[in-house]
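Since the structure comes first, as structure tokens, the remarks are kept for the end.
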């Protein structure tokens, strides 16, 4: 879009097409409902998610609340274990470099 086209839309001289609304929302992570009506949250928090993150989120939403709690506990343990392993690997690597 040109600066002139954007200026016209901002000033109300021309209407914003549905296609332009969609592109603006995709570009800036804004929810279309908010842009068009001013209602709800402005930011589309899922817009910046990777495909893997969306897949995990969709699966999580299909779980019961108990299963969601179990998954969170498992993920926290997994992240903790992974951090410990990385810490051990980092310490070993530092020892090799200094020795």
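The values are calculated or read from the model by the stated rules, or taken from the named source; none is laboratory data. Every value quoted in this text rests on a predicted model; they were computed, and no experiment measured them. Cβ: placed from backbone, ideal geometry, glycine included. Neighbour counts: every protein chain shown.
Laid out as a table, the results:
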read-out: Unmet requirement for residue 8, which otherwise passes all of (1) over 30 Å from residue 71 (Cα atoms); (2) outside any helix (DSSP H, G or I); value: (2)
read-out: Only one of 78, 71 that is modelled with pLDDT of 85 or more, assigned to a helix (DSSP H, G or I), surrounded by 10 or more Cβ atoms within 10 Å (Cβ to Cβ) and in contact with a helix residue (DSSP H, G or I) (Cβ under 9 Å, 6 or more places away or on another chain); value: 71
read-out: Qualifying positions in the range 48-65 - within 10 Å of the chain's Cα centre (by Cα) and surrounded by 11 or more Cβ atoms within 10 Å (Cβ to Cβ); value: 49, 53, 54
read-out: The range 24-47 - residue that is part of a helix (DSSP H, G or I) and in contact (Cβ under 8 Å) with a residue 12 or more places away in the chain and, of those, farthest from the chain's Cα centre (by Cα); value: 36
